[in-house]
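S.K.: After the structure tokens below, expect a handful of questions from me.
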Amino acid sequence: MRIGVVFPQTEIGADVGAVRAYGQAVEELGFQHVMAYDHVVGADPEVHQGWQGPYDVRSTFHEPMVLFGYLAALTSLDLVTSIIILPQRQTALVAKQAAEVDLLSGGRLRLGVGLGWNRVEYEALGQDFTTRGRRIEEQIALLRRLWTEPSITFDGAYDQVTGAGLAPLPVQRPIPVWFGAFSPPAYRRAGRLADGWFPQMSPGPELDEAKAIVDGAAAEAGRDPATLGMEGRVNWTGDPEALAGLAGRWREAGATHLAVNTMGAGLGSVDGHLTALALTAETLGLGKG
């Protein structure tokens, strides 16, 4: 099981030096990948009365592809989006950005995608919120063709490409695409189409039920469920032993990857996050052997 970290988007702020120090330090601690969440714009609660979203206009978010271009030059960490809201973006542009990050990093990108929940963001990006489920399936097919063929013609319900292609192509052909999933339709979609998925729950009966749906959909699509990756997530609570116990449960559940999340734990500066991750790395035995 490969162990990485969740980049503390909302707490690390706009200090470029902190971004650099964080990336380099987590690699030195023995973590293997860095995962970045994604939001392009935040809603203003003064305008959107009764706003209930977890993030708003005051929440800081670095743009994942640009962030990863920066980190690719500073570290050898694998770079994971979890998740890019794919249907609110132009498919060919996402393909180009991902191909460039993959090239600059030497093939270290894992593109996590999902549908999202933020209508305000969809509006700002000029995309239809109501068709996002149908659109993402078409987008995945188009992305994979753009990453593997020098020139394509594609006539879809949402995207049209006529005799065009990317240059340069990515190192990975195609780039691995993982899905965020939190409902039976999303589990089935991941089983049919994804290279891996990000569960939104802890190990237990709920995860077992979700994984059974993913595996069943993969089998029905003629795919081997054992080839699909699964990345769990554990939150820092101040107790490294408890975190290690949960990490062990993820391993037993079949997780291929695990991300340690330090956001929301009241750690303050980048130094606080790195102190927690150092304790985690020591407890998990990272960087040894």
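The values are calculated or read from the model by the stated rules, or taken from the named source; none is laboratory data. Note that the structure is a prediction, hence the values are computed from the model and not measured. Heads up, the Cβs are rebuilt from the backbone with ideal geometry, glycines too, and the neighbour counts pull from every protein chain shown. Side chains included, ligands, DNA and RNA excluded: accessible areas come from the protein's heavy atoms. Shrake-Rupley method; radii C 1.70, N 1.55, O 1.52, S 1.80 Å.
S.K.: In the list SER76, SER59, which residue meets the criterion of being hydroxyl-bearing (Ser, Thr, Tyr), in contact with a His (Cβ under 9 Å, 6 or more places away or on another chain) and more than 20 Å from TRP197 (Cα to Cα)?
M.R.: SER59
S.K.: Name every residue in the stretch 14-36 that is open to solvent by less than 30 Å² (accessible area, probe 1.4 Å), part of a loop (DSSP other than H, G, I, E, B) and either acidic (Asp, Glu) or within 23 Å of GLY116 (Cα to Cα) (or both), in order of residue number.
M.R.: none
S.K.: May I pose another question? Can you tell me which residue among GLU46, GLU11 is without any contact (Cβ under 8 Å) to a residue 24 or more places away in the chain, of a type in the set (Asp, Glu) and surrounded by fewer than 22 Cβ atoms within 10 Å (Cβ to Cβ)?
M.R.: GLU46
S.K.: Counting only residues that are open to solvent by 30 Å² or more (accessible area, probe 1.4 Å), touching a residue at least 60 places away in the same chain (Cβ under 8 Å) and assigned to a helix (DSSP H, G or I), how many does the stretch 121-157 have?
M.R.: Count: 1.
S.K.: Kindly indicate whether LEU258 is open to solvent by less than 10 Å² (accessible area, probe 1.4 Å), in contact with a Phe, Trp or Tyr (Cβ under 7 Å, 6 or more places away or on another chain), within 13 Å of ARG2 (Cβ to Cβ) and not polar (S, T, N, Q).
M.R.: So LEU258 fits the description; yes.
S.K.: Let me ask something else. How many residues does the stretch 169-211 hold that are in a strand (DSSP E or B) and without any contact (Cβ under 8 Å) to a residue 40 or more places away in the chain?
M.R.: So the count comes out to 1.
S.K.: If you don't mind, there's one more thing I want to ask. For the stretch 83-120, enumerate the residues that are free of Cβ contacts under 8 Å to residues at least 40 places away in the same chain and farther than 21 Å from LEU166 by Cβ.
M.R.: Of everything in the stretch 83-120, those that are free of Cβ contacts under 8 Å to residues at least 40 places away in the same chain and farther than 21 Å from LEU166 by Cβ turn out to be GLY116, ARG119.
S.K.: Scan the stretch 181-213 for residues that are open to solvent by 50 Å² or more (accessible area, probe 1.4 Å), touching a Pro at 6+ places or on another chain (Cβ under 8 Å) and of a type outside the set (Asp, Glu) and jot them down.
M.R.: Correct list: LYS211 only.
S.K.: Could we say that GLY216 is on the phi > 0 side of the Ramachandran plot and surrounded by fewer than 18 Cβ atoms within 10 Å (Cβ to Cβ) here?
M.R.: Against the criterion (on the phi > 0 side of the Ramachandran plot and surrounded by fewer than 18 Cβ atoms within 10 Å (Cβ to Cβ)), GLY216 does not qualify.
S.K.: Specify which of the listed residues (LEU109, LEU115) is within 23 Å of PRO54 (Cα to Cα), under 18 Å from the mean Cα position of the chain (by Cα) and open to solvent by less than 60 Å² (accessible area, probe 1.4 Å).
M.R.: It is LEU115.
S.K.: In the stretch 59-89, how many are among the hydroxyl-bearing types (Ser, Thr, Tyr) and assigned to a strand (DSSP E or B)?
M.R.: 2
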